[in-house]
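Read the structure below first, then the notes.
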Amino acid sequence: MDIPLEEEIFEPASPSSQYLNSSNLSLCVIAVLESKIPIEYEESLPLNLLKDVFVPINPRFSSIMVTGKKGTRKWKRVEVNYEDHIKTPIFPSEKPLDFYNECFSNYISNLAMEQFPQNQPLWEIHIFKYPTNDAAGSVIFKLHHSLGDGYSLMGALLSCLQRVDNPSLPLTFPSRQRTTLSSKDKAFSVLKVVPRFFKGIVNTVYDFGESILKSTLVEDDRTAIHSGDEGVEFRPIVVTTKTFSLDCLKQIKASLNVTINDVITGIVEYGTRLYMQEVKQESCNGKCTALVLFNTRALGGYKSVNDMIKPNSDMPWGNHFTFLPVSLPKLTNLANRDQSSINPLAFVQKAHRMIDRKRNSASVWLTSKLLDFLRKLRGPEATARFIHGTLKNTSMALTNLIGPVEEMALANHPVKGLYFIVTGAPQSCSVTIVSYVDKLRIAMVVEKGFIDPNKLKSCIDYAFDTIFKAAVKSSPVAT
């Protein structure tokens, strides 16, 4: 039912916010901060932190999304009842670690399935005080995706954290280095412009057509990672994580002259194919597509929240991302299961070629224009259905964020590790990646009872080991 509004107390919701908080699609981001030490604090601390630091970051944290008389959705400022947003689960004390591991896993699964009440701001903080294998305690932030994308929400969370070594200094992030071309390479590059232009036109037509078909007619095969069932987004999930050394990933990157994103995409794709072979060999070469999500802002590190909310900011707050469908390469020589005949580096190299080609295609721009056209023609709900179809017809999604290079703390509790997941997507599997200090953490969200999380993690770990060994072996030895 429409809610009557007074013009002076609300602001328009962006199109992407409306897509991501609709009857057809509702996505949430859950971020987990793992504490090095047991979580102990005065009762007033979380309340003060939220009131003085977190909520003032952006008006959306003290707003609800409402529908006006003309059907337009807007953000309406409301009074925040902080007690409704702070949750502290209670479990029996002095139990074995395995007991709390199971409690934490079930808690995350239940949290992922719960929908936000629409009559209060769309965020919560959950304080899990019990130890697990990964932490002495955990702080869980659940935020609706309509508030912003991973980049925006990461920037908001980092505003609440301080450097452990020197709280007065800001957190810093890995630099994005661009390759500098020599004069000879630049001249050669100019000669390649014309053929690249025509090739780009062909790629754009192909990619845009593929995107339309994926969203409407063509669905991935049903395999060990893609059930294809209706309502999969409402089923219980299991979350498992794996940590890799950034130094090792950088060695692979340097050896193959690719990006870290290419490396991790290749590792996940190879590990996923190995899992499919292990579980259901007859469908292990089935048609599988991963949606690789990219930030569409200008390249660079995180800006302060104040910079992000400025008009015409080059790194604005909100949802500024696109997804590129990337087909998973097929394993070869599966008849005799001869693993040695597979070139693991080919997965990274193929990921590099595919992502580079699609990022340089205009299909991303055309897709954004198509979504805008759909919204104007048929409304945000129809656009949300289109995005839902794209997710449902593909097998998995991959998204990554860059974290700080220094160790950080939340209210004097050093953060041992962090990861995030995206929930509410109609897929049986999704993978999220974030770096922190010298590590890279992969979190895998899988449909409970359909995908074996431990076996999938083991296959991705094996893929990393084989790709790393092959990359080191192929690197020129310094003399």
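The values are calculated or read from the model by the stated rules, or taken from the named source; none is laboratory data. Please read these numbers as outputs of a predicted model, since none were measured by experiment. All Cβ positions, even for glycine, are placed from backbone atoms using ideal geometry, and neighbour counts span all protein chains on display. To get the accessible areas, we keep the full protein, side chains included, count just its heavy atoms, and leave off ligands, DNA and RNA. Shrake-Rupley method; radii C 1.70, N 1.55, O 1.52, S 1.80 Å.
Taking only the alpha-carbon atoms of segment 369-448, what semi-axes of the equivalent ellipsoid follow from 5 times the gyration tensor eigenvalues under a square root, in whole Å, largest first?
The three semi-axes for segment 369-448 are 34, 16, 11 Å.
What translational diffusion coefficient, in µm²/s and rounded to a whole number, does the Stokes-Einstein relation yield for segment 53-128 at 4 °C and a viscosity of 1.567 mPa s, taking the hydrodynamic radius as the Kirkwood radius over Cα pairs?
Result for D is 87 µm²/s.
Over segment 196-284, what percent of the accessible surface lies on carbon and sulfur atoms, probe 1.4 Å?
Roughly 57 percent, rounded to a whole number.
Rounded to the nearest 0.05, what FRET efficiency do GLN281 and SER23 give with R0 = 41 Å and r taken as the Cβ-Cβ distance? Could you check?
That gives a FRET efficiency of 0.55.
Between their Cα atoms, which of LYS95/LYS392; LYS350/LYS416; LYS330/LYS469; LYS350/LYS439 are more than 31 Å away from each other?
LYS95/LYS392; LYS350/LYS416, as the Cα separations exceed 31 Å there.
In whole percent, and with a 1.4 Å probe on the protein chains, what portion of the accessible area of segment 10-163 is carbon and sulfur?
Values: 3310 of 6570 Å².
Taking all protein chains in place, segment 10-163 shows 50 percent carbon and sulfur surface.
Find the Cα radius of gyration of segment 10-163, compare it with 2.2 N^0.38 Å by division, and give the number to two decimals.
For segment 10-163, the normalised Cα radius of gyration is 1.12.
For segment 412-465 and segment 71-148, compute the distance between their C-alpha centroids and round to whole Å.
Computed from Cα coordinates, the inter-centre distance equals 18 Å.
Can you give the extra length, in nm with one decimal, that the chain gains between SER327 and ASN166 once fully stretched, where that is 0.36 nm per residue apart less the Cα-Cα distance?
That works out to 53.5 nm of additional length.
At 1.4 Å probe radius, can you tell me the per residue accessible area of segment 10-163 in Å²?
43 Å²
What accessible surface, in Å², does a 1.4 Å probe find on LEU33, ignoring ligands, DNA and RNA and rounding to the nearest 10?
10 Å²
Out of every Cα-Cα pair in segment 202-290, what percent are more than 23 Å apart?
Result for the distance tail: 47 percent.
Using alpha-carbon positions, what is the distance between the centroids of segment 225-249 and segment 378-396, in Å?
About 20 Å separates the Cα centre of segment 225-249 from the one of segment 378-396.
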